[in-house]
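Worksheet: the structure to be examined is printed underneath.
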Amino acid sequence: MDAVEGATGRGGTPEPAARSRRRSSWVLATTAFLGALTLLALLWAGTGLPERDWVRVVGGGVLVLLLGSTVGFLTVAGARGSGAAPRLGSWADGVPGVRFDYSTATYCWFSLLVVGCVLVLLCAGVAIGSVFGVLPVAGAALLGWYLVVMLRHAPGGLLLSPAGIAHRGLTNFYSVPWPAVRAVEAWDLGTSALVVKADPSPQSVLRRYTGWFDTGELRYLPFLVVRTYWLAGDREAVRSALAFYLAHPELRGELGSEAAVQRIAEGRTGA
């Protein structure tokens, strides 16, 4: 019935602990495997230096960048969050509120991963040559454009204001007013996510900076979805703050002041 319920198939229940542990084990094993491949690629590139085999050196270096950035991204994505405190802030097109920014480390590792993919595609295009080499080069150009747009709109984050909830993702902006919000829940959507279950509203705002080429959160519209591994702050603290101000409309006016920041930082938004 609901878009997110259809995607998860569990009617809103949080991810079972057993499944979470299995996924964590799988991520750890994948990270360790890719780490080993990174070391092998580094050694392979190094063997080209004495022989001045620059094809091997450059190719190995590109592989090290791609594999190493994947390891770094998986590592930071699996962390709970640095506990970075919320702060008062706004975006150029938004009202002031309490802001939970995206993690700088996650941005850096993801950017390096995209750069690695761009270089691999460029190398593939050069190696293939002829007319068929145009395809990987075009793919590299598309990813490069995506990276530029992403960095131009950084940092992303989640904003709680007296008017509603706004999310600036990597390449999009979406906000919903408080009257349209029905619930705030933690979901398993392949990865851990915060889902603001909202109804369609004429006050909602949606901007797609890369058209339909995005990270996938907008497929669940009109729900607002945030992949929690992007958030710098503690994921549970963010969910608790969202749920608290949904349940206490009389206190939403403080979201434009330090009182809300202090309440959240002191953990006074728990059940």
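The values are calculated or read from the model by the stated rules, or taken from the named source; none is laboratory data. This is a predicted model, so every value here is computed, not measured. Methodologically, a virtual Cβ is constructed for each residue, glycine included, from the backbone with ideal geometry; neighbour enumeration extends over all protein chains shown.
Quick look at the numbers
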| read-out | value |
| --- | --- |
| Residue count, segment 186-219 (criterion: over 26 Å from Glu236 (Cα atoms) and basic (Lys, Arg)) | 2 |
| Neighbours by Cβ (under 9 Å, 6+ apart or cross-chain): first from segment 68-84, over 14 Å from Trp26 (Cα atoms); second among the acidic types (Asp, Glu) and modelled with pLDDT under 90 | Arg80/Asp234; Arg80/Glu236; Gly81/Asp234; Gly81/Glu236; Ser82/Asp234; Gly83/Asp234; Ala84/Asp234 |
| Residue match in segment 129-150 (condition: buried (at least 16 other Cβ atoms within 10 Å of the Cβ) and assigned to a strand (DSSP E or B)) | no |
| Filter result (in contact with a helix residue (DSSP H, G or I) (Cβ under 8 Å, 6 or more places away or on another chain) and of a type in the set (Gly, Ala, Ser)) within segment 168-182 | Gly169 |
| Qualifying strands (runs of 3 or more DSSP E) (wholly inside segment 154-271; at least 3 residues being crowded, with 17+ Cβ neighbours inside 10 Å) | 157-160, 164-168, 172-177, 181-188, 192-198, 224-227 |
| Which numbered condition Gly12 misses (of (1) more than 29 Å from Ser69 (Cα to Cα); (2) at pLDDT 85 or above) | (2) |
| Evaluation of Gly89 against (1) exposed (fewer than 14 other Cβ atoms within 10 Å of the Cβ); (2) at pLDDT 80 or above; (3) under 22 Å from the mean Cα position of the chain (by Cα) (one fails), failing number | (1) |
| Test: residue in segment 155-174 that is under 30 Å from Val57 (Cβ atoms) and among the aromatic types (Phe, Trp, Tyr) | no |
| Residue in segment 179-200 that is within 15 Å of Val95 (Cα to Cα) and of a type outside the set (Gly, Ala, Ser) present | no |
| Where Leu251 falls short, out of the listed (1) free of Cβ contacts under 8 Å to residues at least 24 places away in the same chain; (2) in contact with a Lys or Arg (Cβ under 7 Å, 6 or more places away or on another chain); (3) among the aliphatic types (A, V, I, L, M) | (2) |
| Some residue of segment 47-63 being closer than 29 Å to Ala127 by Cα, modelled with pLDDT of 80 or more, aromatic (Phe, Trp, Tyr) and not in a loop (DSSP other than H, G, I, E, B) | no |
| Filter result for Trp54 (aromatic (Phe, Trp, Tyr), out of contact with any His (no Cβ under 8 Å at 6 or more places or on another chain), more than 23 Å from Ala186 (Cα to Cα) and free of Cβ contacts under 8 Å to residues at least 60 places away in the same chain) | yes |
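Conditions tested, residue by residue: (1) small (Gly, Ala, Ser); (2) touching a Lys or Arg at 6+ places or on another chain (Cβ under 9 Å); (3) at pLDDT below 90.
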{"position": "Arg227", "(1), (2), (3)": "no, no, no"}
{"position": "Gly233", "(1), (2), (3)": "yes, no, yes"}
{"position": "Ala243", "(1), (2), (3)": "yes, no, no"}
{"position": "Ala259", "(1), (2), (3)": "yes, no, no"}
